[in-house]
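Engineer: Before we start, here is the structure in question, set down as structure tokens.
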Amino acid sequence: MNQQNNRLSKSDKTSLEAQKKGRVVIVSGPSGVGKSTVCSQVVKRLENVYLSISVTTRPIGRTEVDGRDYCFVSKQRFQQQIDRGLLLEHAKVFGNFYGTPRDKVDEALNAGKTVILEIDVQGAKQVRAVYPDAVMIFILPPTRKELAKRMNGRAREEQKAAEERLDGAGTEIAAAWQYYKYMVINDNLEQAVNEVVEIIQQAVGEKE
């Protein structure tokens with residue numbers, strides 16, 4: 001047998017390396033829909049998964065922990081990260097800035113992990129431009145009334161800010177129908193988590 005036939009070509013090696021890399025999963029949804037809770041439960045059920053922690057300039061909430069829920073930074077620090085190309089995506093949402101650290105995502109993907117990004121529609125568009133095969137999942141509320149109830153129950157922000165977020169939810173949901181392949185209604189948390197888990201398992205399985 002020709003010894004050269006046993007050697008992988010450069011393109012074959014590239015293909016194998018690509019297969020070893022992880023997959024990006026984007027989870028979005030309006031404020032108060034419960035996407036953070038869904039993501040945290042999904043991570044507990046799946047193996048080899050990394051949940052990205054976003055950087056934000058908004059004030060820390062009463063029940064939040066820096067470095068666990070978000071990495072809270074000043075606007076100056078945030079701008080420095082943009083200037084240095086350290087963010088995979090970033091967006092201004094209701095007066096505050098949010099972004100995804102690029103290095104942590106790259107590290108997890110190179111380790112073959114599934115990377116879950118809990119980001120808004122603006123950021124999702126940016127990430128999809130970098131990772132066209134990203135799995136796009138949007139979490140929907142059962143009704144607008146229920147979304148308003150959940151937002152008011154969070155007690156994390158003033159009434160005016162909550163009303164602005166509720167008004168923006170309609171626009172975000174309308175945009176999501178154009179860009180997201182999967183839409184999951186979070187009426188029952190257990191069911192919503194199961195659906196997201198199945199979507200990710202199927203997507204990752206298809207790649208393998």
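The values are calculated or read from the model by the stated rules, or taken from the named source; none is laboratory data. No experiment lies behind these values; they were computed from the predicted model shown. Cβ sites come from the backbone with ideal geometry, for glycine too, and all protein chains shown count toward neighbours.
Engineer: Any residue at all in segment 155-175 that's at pLDDT 95 or above and more than 25 Å from F78 (Cβ to Cβ)?
Structural biologist: Going through segment 155-175, the residues at pLDDT 95 or above turn out to be none.
No, there is no match, as no residue in segment 155-175 is at pLDDT 95 or above and more than 25 Å from F78 (Cβ to Cβ).
Engineer: Continuing with this model, one more query. Which ranges mark the strands (runs of 3 or more DSSP E) fully within segment 44-142 that have 1 or more residues being without any contact (Cβ under 8 Å) to a residue 40 or more places away in the chain, surrounded by 13 or more Cβ atoms within 10 Å (Cβ to Cβ) and at negative phi?
Structural biologist: On the way: elements: 49-51, 87-93, 96-101, 114-118, 135-140.
Strands (runs of 3 or more DSSP E) meeting the threshold: 87-93.
Engineer: While we're here: Condition test on F94, is it of a type in the set (A, V, I, L, M, F, W, C) and out of contact with any strand residue (DSSP E or B) (no Cβ under 9 Å at 6 or more places or on another chain)?
Structural biologist: Values: of a type in the set (A, V, I, L, M, F, W, C): yes; out of contact with any strand residue (DSSP E or B) (no Cβ under 9 Å at 6 or more places or on another chain): yes.
Yes, satisfied.
Engineer: (1) touching a strand residue (DSSP E or B) at 6+ places or on another chain (Cβ under 7 Å); (2) in contact (Cβ under 8 Å) with a residue 12 or more places away in the chain; (3) farther than 13 Å from D120 by Cβ: which one isn't true of T37, the others all being true?
Structural biologist: (1)
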